[in-house]
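Below is one structure; the comments refer to it alone.
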Amino acid sequence: MRFLALVGAALLLALYARSSARRPEPNPTFRSEQLRFPRVRAAYTLHETAAHALLRRHGLAPERLELFLRAFKVGRRLEVWGRNQGTGQFVLLRTFRLAGTSGTLGPKRQAGDGQIPEGFYTIDRFNPDSKYHLSLGLDYPNAADRYRSATLDPGNDIFIHGSNVTIGCLPITDAGIRELYVLAVEARAAGQTAIPVHIFPFELTPENLARHLMSPHLGFWQQLAEGYQYFEDNRQLPLVTVGNAGAYSVR
């Protein structure tokens with residue numbers, strides 16, 4: 001009986017591994033729907049050829065593209081990482097300068113505080129007719145934000161967008177968002193339903209954290225540091241969960 005149980009467990013593991021390695025279902029209709037909008041068509045005219053060339057230089061196939069975005073307040077930059085879906089390490093494709101910032105170091109906790117969020121998010125919507133040219137919406141507030149905001153209104157509508165103005169969003173100029181938008185649409189058309197976005201105050205190394213020992217945000221940043229360091233060590237995305245007390249857990 002024990003042998004049969006072990007065989008059964010092995011089969012389940014094999015089936016799980018096979019299913020988890022299955023390529024996401026492509027969604028070319030998403031690209032077609034986005035191209036109905038003039039600004040998206042203009043972005044593709046300007047950047048599609050260059051974007052595909054960029055991917056191929058790094059050994060990536062546009063039809064298998066998987067993206068990851070990482071932003072830092074100190075240094076004012078947004079990094080774009082990519083790989084072929086579910087395989088190998090992420091490679092740095094592009095870095096955009098944040099054209100504007102607001103607030104201070106530390107997470108966003110309530111509407112109107114002007115803070116750019118810090119934490120682990122995903123792009124959950126595409127806006128092809130944004131007030132700020134084009135924009136990619138984050139799933140802020142996430143479960144951790146809602147818990148930590150408690151009785152406060154945490155706010156919403158945090159975007160990566162064009163222009164150079166912000167009251168909590170991440171602007172990368174109109175030219176920058178056109179290029180990024182094309183890459184994001186290509187990833188979505190390739191089947192990536194959620195594009196992770198990690199936002200940090202600065203590189204969360206032990207040395208940098210030691211410079212902020214008196215900060216009221218130190219405990220929060222130490223939680224984020226686990227996810228930061230996992231990616232630095234592996235160039236793979238960590239598995240991030242939110243506990244009952246709104247704390248991030250990384251494994």
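Can you name every one of the strands (runs of 3 or more DSSP E) wholly within region 56-122 that holds 3 or more residues which are without any contact (Cβ under 8 Å) to a residue 60 or more places away in the chain and of a type in the set (D, E, K, R)?
77-84
Within the bounds of region 211-223, is there any residue that is closer than 23 Å to residue 89 by Cβ and touching a helix residue (DSSP H, G or I) at 6+ places or on another chain (Cβ under 7 Å)?
Here is the first cut: in region 211-223, the ones closer than 23 Å to residue 89 by Cβ are none.
For region 211-223, residues closer than 23 Å to residue 89 by Cβ and touching a helix residue (DSSP H, G or I) at 6+ places or on another chain (Cβ under 7 Å): absent.
How many residues, within region 208-251, are touching a strand residue (DSSP E or B) at 6+ places or on another chain (Cβ under 9 Å), in a loop (DSSP other than H, G, I, E, B) and modelled with pLDDT under 95?
2
I'd like the residue in region 109-136 that is within 19 Å of residue 185 (Cβ to Cβ) and among the aromatic types (Phe, Trp, Tyr) and, out of all such residues, is surrounded by the most Cβ atoms within 10 Å (Cβ to Cβ). Show your work before the answer.
To start, the set of residues in region 109-136 that are within 19 Å of residue 185 (Cβ to Cβ) comprises 121-130, 132-136.
Still in the list and also among the aromatic types (Phe, Trp, Tyr): 121, 126, 132.
Details: 121: 25, 126: 19, 132: 20.
By that ranking, first place goes to 121.
When the residues of region 163-174 are narrowed to those that are among the aliphatic types (A, V, I, L, M) and buried (at least 18 other Cβ atoms within 10 Å of the Cβ), which ends up nearest to residue 96 (Cα to Cα)? Outline the logic, then answer.
Within region 163-174, the subset among the aliphatic types (A, V, I, L, M) is 165, 167, 170, 172.
Those still in the list that are buried (at least 18 other Cβ atoms within 10 Å of the Cβ) too: 170, 172.
On the way: 170: 10, 172: 6 Å.
That would be 172.
Consider region 43-60. How many of its residues are touching a helix residue (DSSP H, G or I) at 6+ places or on another chain (Cβ under 7 Å) and either open to solvent by less than 50 Å² (accessible area, probe 1.4 Å) or under 21 Å from residue 193 (Cβ atoms) (or both)?
6
Among the residues of region 137-162, how many are open to solvent by 30 Å² or more (accessible area, probe 1.4 Å) and at pLDDT 95 or above? Show your work before the answer.
Filtering region 137-162 down to residues open to solvent by 30 Å² or more (accessible area, probe 1.4 Å) leaves 139, 143, 146-148, 150-153, 156-157, 159.
If we keep only those that are at pLDDT 95 or above too, we end up with 139, 159.
Looking only at that region, the number is 2.
Write out, first by first residue and then by second, each pair whose Cβ atoms fall under 8 Å of each other, whose residues are 6+ apart or on separate chains, and whose first residue, in region 228-251, is closer than 21 Å to residue 209 by Cα and open to solvent by less than 60 Å² (accessible area, probe 1.4 Å) while the second is assigned to a loop (DSSP other than H, G, I, E, B) and of a type in the set (Lys, Arg).
Short answer, once both residue conditions are applied: 238/251.
If a residue must be assigned to a strand (DSSP E or B) and either over 16 Å from the mean Cα position of the chain (by Cα) or farther than 21 Å from residue 31 by Cβ (or both), how many such residues does region 156-190 contain?
Number of matching residues: 2.
Residue 45 fails exactly one of the following numbered conditions: (1) at pLDDT 95 or above; (2) within 20 Å of residue 191 (Cα to Cα). What is the number of that condition?
(2)
What pairs can you find where one residue is in region 196-218 and over 27 Å from residue 139 (Cα atoms), the other is assigned to a loop (DSSP other than H, G, I, E, B) and open to solvent by less than 60 Å² (accessible area, probe 1.4 Å), and their Cβ atoms are less than 7 Å apart, with a gap of 6+ or different chains?
208/202
Return the residue satisfying two criteria in turn: it lies in region 199-222 and is of a type in the set (S, T, N, Q) and open to solvent by less than 40 Å² (accessible area, probe 1.4 Å), and of such residues it is nearest to the chain's Cα centre (by Cα).
Among those residues, the one meeting the criterion is 205.
The values are calculated or read from the model by the stated rules, or taken from the named source; none is laboratory data. Predicted, not measured: the structure shown is a model, and the values here were computed from it. Here the Cβ is made from the backbone with ideal geometry for all residues, glycine too, and neighbour counts use every protein chain on show. Quick note on the areas: whole protein, heavy atoms, side chains included, nothing else; ligands and nucleic acids left out. Shrake-Rupley method; radii C 1.70, N 1.55, O 1.52, S 1.80 Å.
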